[in-house]
Amino acid sequence: GDSVTQMEGPVTLSEEAFLTINCTYTATGYPSLFWYVQYPGEGLQLLLKATKADDKGSNKGFEATYRKETTSFHLEKGSVQVSDSAVYFCALSRPSGGSNYKLTFGKGTLLTVNP
Amino acid sequence: NAGVTQTPKFQVLKTGQSMTLQCAQDMNHEYMSWYRQDPGMGLRLIHYSVGAGITDQGEVPNGYNVSRSTTEDFPLRLLSAAPSQTSVYFCASSYGQQGYEQYFGPGTRLTVT
């Protein structure tokens, strides 16, 4: 079945440090890939997405490139801020038969950024 | 737009009690889903709906029922609460299928004693 594997957290960085959160996936066909972010006490919200191989998603200084050859979608940011402290989820979606689609999440990576 | 709203925000139940978690969206989205979030487990899909009158099971459907009588509402019913159902529940909606963003509600934190 489909699966998404994220690097284990928690990740603790100092402000202005470089961030990488690794994400690899297993799925048949051509899934779409997402990064969602969950701030404390809130629901998830979309951070960025890519729908086909070699696409780069970007938002708020975060980037991720859809690499089909390595089945990866690593999240990067050049200079993190305290306000980036949150849980980050990698996810994929693909058709699962008929008009349905299936969305699979990774387990999440907690990021804490210290001043 | 209010987006996706969920009520209640917090709930404590005793084992064996039943209750309904409410979810509504005002974006005219066809697709709605319920997830539960547990520590170290990520989000797991409970039930989903691809339109009014159509529902289907997700990864962990046992102990839960859903119905979709209107496009806007997608309630989740716990039939007989168990401590294993202690979790944070999120409702989500989306405009379309693969590649479309899911919009999440703020969540309901449920404790079953």
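Every number here is computed from the coordinates shown, using simple stated rules; none is lab data. The structure presented is a predicted model; accordingly, all values stated were derived computationally and were not measured. Virtual Cβ from ideal backbone geometry, glycine too; neighbours counted across all protein chains shown.
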Checklist line | Hull volume in cubic angstrom per residue (convex hull over the Cα atoms of the stretch A:1-96) | finding: 103
Checklist line | With 5 Å bins from 0: P(r) over chain B, alpha-carbon pairs, percent | finding: 2, 13, 24, 27, 19, 10, 4, 1
Checklist line | Net charge, B:ALA24 excluded, C-beta distance under 9 Å - Lys, Arg +1, Asp, Glu -1 | finding: -3
Item checked: Debye log10 I(q)/I(0) for the protein assembly as shown, one point scatterer per Cα, at q = 0.11 Å⁻¹ -> -0.55
Next item on the list: DSSP loop (so not H, G, I, E, B), at most 14 other Cβ within 10 Å: list which GluC sites (Glu not before Pro) in the stretch B:16-81 pass both filters.
Entry: B:GLU59
Next item on the list: Mind listing the long-range amide H neighbours of A:VAL11? Cut-off is under 5 Å, sequence gap 5 or more, other chains count too, H placed in the peptide plane at 1.01 Å from N.
Entry: A:LEU110, A:LEU111, A:THR112
Item checked: Alpha-carbon centroid distance for the pair the stretch B:68-108 / the stretch A:23-89, whole angstrom -> 22
Check: HN-Hα J couplings of the stretch A:39-56 from phi, Karplus 6.51/-1.76/1.60, θ = phi - 60°, integer Hz, Gly and Pro as x?
Finding: 7, x, x, 10, x, 6, 9, 5, 9, 6, 8, 8, 10, 8, 3, 6, 5, 10
Note to self: Can you compute 3J(HN,Hα) from phi for each residue in the stretch A:89-95, using the Karplus curve 6.51 cos²θ - 1.76 cosθ + 1.60 with θ = phi - 60°, rounded to whole Hz and x for Gly and Pro?
What the structure shows: 10, 8, 8, 9, 9, 8, x
